[in-house]
1. Counting only other residues whose beta carbon sits under 14 Å from that of M177, what net charge do I get with K and R as +1, D and E as -1?
2. Say the dipole of the chain comes from +1 at the beta carbon of Lys and Arg and -1 at that of Asp and Glu; which of F217, F164, H15 then lies farthest toward its positive end?
3. Would you order H242, H109 from fewest to most other beta-carbon atoms within 10 Å of each residue's own beta-carbon?
4. How many percent of DSSP beta bridges within region 1-100 run antiparallel, rounded to 5?
5. How high is the relative contact order of the chain, in percent, with contacts defined as C-alpha pairs under 8 Å that are six or more residues apart?
6. For a footprinting-style exposure proxy, rank T114, T58 by other Cβ within 10 Å, fewest first.
7. So if R0 is 25 Å, what FRET efficiency would K71 and E23 give, r being the distance between their Cβ atoms, rounded to the nearest 0.05?
8. Taking the Cα-to-Cβ direction at Y207 and at V146 and moving 7 Å from each Cα, how far apart do the two end points lie in nm?
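Nothing in this text is a laboratory measurement; each read-out follows from the coordinates by a stated rule. Nothing here was measured: the structure is a model prediction, and the numbers come from that model. Virtual Cβ from ideal backbone geometry, glycine too; neighbours counted across all protein chains shown.
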Amino acid sequence: MRSDITYVVIDTLNHTLSAQALERSNKRFPLENAIIFSDKADLWSGREIIEIPEIKSTKDYNSVVFFDLPKQLKTDFALFIQYDGFVLSGELFSEQYLNWDYIGAPWPHYSDFTVGNGGFSLRSKKLINSIQKYLLPDDLHSAEDVVICRYLRARLEENDGLRFAPEKIAEMFSYEMRKPEFDTFGFHGLSHLPKVMVGEIEELFEYLQPQSVAKFFRSFSKACNNLPCHEKRLFSQYCLKHQTEMLYHAKLNAKIQSRSERVL
């Protein structure tokens, strides 16, 4: 059991699935320490949590990452996991990953600064403690991995000597947008859950919150349509049960996106 890396989980929505992701990860890649930021202490298999208010915005989530986590992290590295991003095979962890201050799945839609996704990522304590001095107020409203890996990367490299993993290393570490032909240490992305949770689909649909599905409905629906007939029916039943709530959140997401585009 390693003592140099700490699992970090931040969740006030998909509590049960995040708790399962943590236990699943820890079984495959055992670590002594875990830091859990959440609003419900009784849903984490008896683990202690750091209580936070319900996360209602990108700013709320970013505030935990940028300001609360540095006060709590004691180990040299933090391994971020989420309900839809966790360890697949502990045997595929490489010690060379510790040569870098940030590793996350590559972003194929960018031509530069392509590393990477934060949902399942390994970050050094040095990086986590270096971000604050470069933040601008607007950064709290952008995805935190984009802020770190694109907005601030050049300054973190030049001024603090921090190192972001090259794309080839990141590809071995995790995947997000497209699964490679080889196995990886971990993954991130709701659209991958139906395949990753083979044999646990009923549990997935029992605990998955409609708000999460609404945000990524198209890719998640496509993944579910590739399931066997019985499990595909479970997805149809889920949509029927939660259609009002998903439609509400879809409209809300559209409004937020429209408002963001007008600001830009």
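1. That sum, taken over residues with Cβ under 14 Å, equals -1.
2. Selected residue: F217.
3. On the way: H242 19, H109 7.
So the residues, fewest neighbours to most, are H109, H242.
4. On the way: 1 of 13 bridges.
Here the share of antiparallel DSSP bridges comes out near 10 percent.
5. Numbers: 420 pairs, mean separation 46.4, N = 264.
Rounded, it is 18 percent for the chain.
6. Details: T114 18, T58 15.
Listing T114, T58 from fewest to most nearby Cβ atoms yields T58, T114.
7. Details: r = 25 Å, r/R0 = 1.01.
Efficiency, from the Cβ-Cβ distance: 0.50.
8. 2.9 nm
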